[in-house]
Amino acid sequence: EPQLRPAGWSDYQSSWLDAIDEHDMEGETIDHGELAAELNQKKNSAVSIADKMDEDLLNISPEERKALINDRKKNQKDDLEFPDEVQVDEDHNARDRFARYRALKSFRKSFWDPKENLPDDYGQIYHFSSFRATQRDIMADQKDIIKVATEKGGTFWGEAQSASEAMNTESAMEDSDKEGDEDVLVGCIPSGSYVTVIVEHVPIKAYERISKEALLSAITLLPHENKASAIHMGLSQSPGCVNTDVLPVKSKDILTFRCGWRSWKARPVFSQNNLNSDKHKFERYLPTGGAFFAASVYGPVSYTPCPVMVFRDDAVEGKRELVAMGSVLSADADRIVVKRIILTGYPVKVQKRTATVKYMFYNPEDVTWFKPAGLTTKHGLNGHIVQSVGEHGTMKCLFNAPIKQHDTVCLPLYKRIYPKFANTVSSSGNEEVTVRSAVARDALLVL
């Protein structure tokens, strides 16, 4: 039987685990997938903890809610003043806390494999080889259908006649191109026709919620629009969301997306839309001041340009607020959103290009771990770690130019992040069941 593997491992990587010979490893401790199970358990538990925190926010007192709002506003202000900077506690190891991060020589030019260590959720969404080419072909087919239907003048109905019937007609013998035109209209109905639509497997409770005076509309889906994928939207903040009393919108908050005529809930990640790079920097909070940004969510495929409105539900007051608006950019599962963190240290002793830096790490093991990573300073210098000094995380660094005493040494690290699913509550009999919206084509919950 194949052994368990960590999430994101390929068949080639897991083959090294499968190839272990137990007879050659007698007397030694063999890992039979315990490490993989532990890694996967940590990942899944982190998701469940985050979902539980969202549920607990609805069951707190007004004083605690106000304290959380003030805390988020303070964090947003700190992020604007010191973007991406994090501090390592003295009792924590940086090599363990930032084990999933990596250093990049150049954010724009360094290679990042889009298929590397993908989460399990990416196995449930549709991947386009080229979304633009797919949309171009589908729109061209729709234009051909409109053109042929206009020439027919409403004389077609339902499926086109078969090839054998078409060969018996004199018109098909005279012009073979007409047979291809009729095949384009398979399944199409002329405008203004009276039809009866039968919807099967509708729950009784769902039918009872529909008012007898309500006007129901049915809309045809284009190819691939019944699939779920990673949707990227170009948005800007709504003017009505500038009020300082409003809770700042953070990445991975549960929001409602109205994309065209479809609506669903998701937990997006905000990012910059870099046109000259294949990597896009993650934004912790929704950019304010009318700035344009991108939002990546799991949702149904929609072709561009499709208008988008983003709402946030207030569980306390029961209101829905418009926080952003824009349009769909693409449906690309290979778009890389990278989160950046910056570890900072301060030079305590400077001698031309050499400096002794403290307060970035607090043990020599962390210095050795991050030694291959490059350093930068806020005054534009580049450098690297030479060696560890002492037993308290002090290190000796070398830069490409003389460094000033009041400069700040920075160590940027990067990690790819993904959107998350939003838990929604649906009624099943007399019980309420929590389901994950927008997980796959069959389980896609569109309101």
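Any read-out appearing in this document is the output of simple, stated calculations on the displayed coordinates, not a laboratory observation. Please read these numbers as outputs of a predicted model, since none were measured by experiment. Note: ideal-geometry Cβ built from the backbone for every residue, glycine included; neighbour counts use all protein chains shown.
Here are a few things to note about the model shown:
- For R95 and Y418, the difference between the fully extended length at 0.36 nm per residue and the C-alpha to C-alpha distance is 114.1 nm.
- Applying 1/(1 + (r/R0)^6) with R0 = 56 Å to the Cβ-Cβ distance of R353 and E213 gives a FRET efficiency near 0.10.
- All-pairs Cα distance distribution in segment 258-337, expressed in whole percent, bin size 5 Å: 3, 13, 24, 25, 21, 10, 3, 1, 0
- Residue separation of T408 and L222 scaled by 0.36 nm, minus their Cα-Cα distance, works out to 61.5 nm of gained length.
- The lysines whose alpha-carbon is closer than 19 Å to the alpha-carbon of K74, local same-chain residues fewer than 8 away aside, are K66, K250, K252.
- Simple spin-label estimate for M139 and K396 gives 6.2 nm between the two label positions (7 Å along the Cα-to-Cβ direction from each Cα).
- Rounded FRET efficiency, nearest 0.05, which uses the C-beta distance separating S129 from N75 and R0 of 45 Å: 0.70
- Volume per residue that the Cα convex hull of segment 74-136 spans, once the total is divided by residue count, Å³: 222 Å³
- Stretchable slack from V197 to S106, in nm (0.36 nm times residue separation minus alpha-carbon distance): 27.1 nm
- If R0 is 30 Å, the Cβ-Cβ spacing of I204 and Y122 corresponds to a FRET efficiency of close to 0.25.
- Principal axes of segment 181-338: Cα extent on each, largest first, Å: 51, 44, 26
- Under the Debye formula (equal points on every Cα, no solvent term), log10 I(q)/I(0) of segment 274-424 at q = 0.10, 0.16, 0.17 Å⁻¹: -0.57, -0.91, -0.96
- Considering every alpha-carbon pair of segment 226-285, the percent of pairs per 10 Å bin, from zero through the bin containing the longest distance, is 16, 47, 31, 5.
- Sorting the segments 279-289, 132-142 by their mean number of nearby beta carbons within 10 angstrom, highest to lowest, gives 279-289, 132-142.
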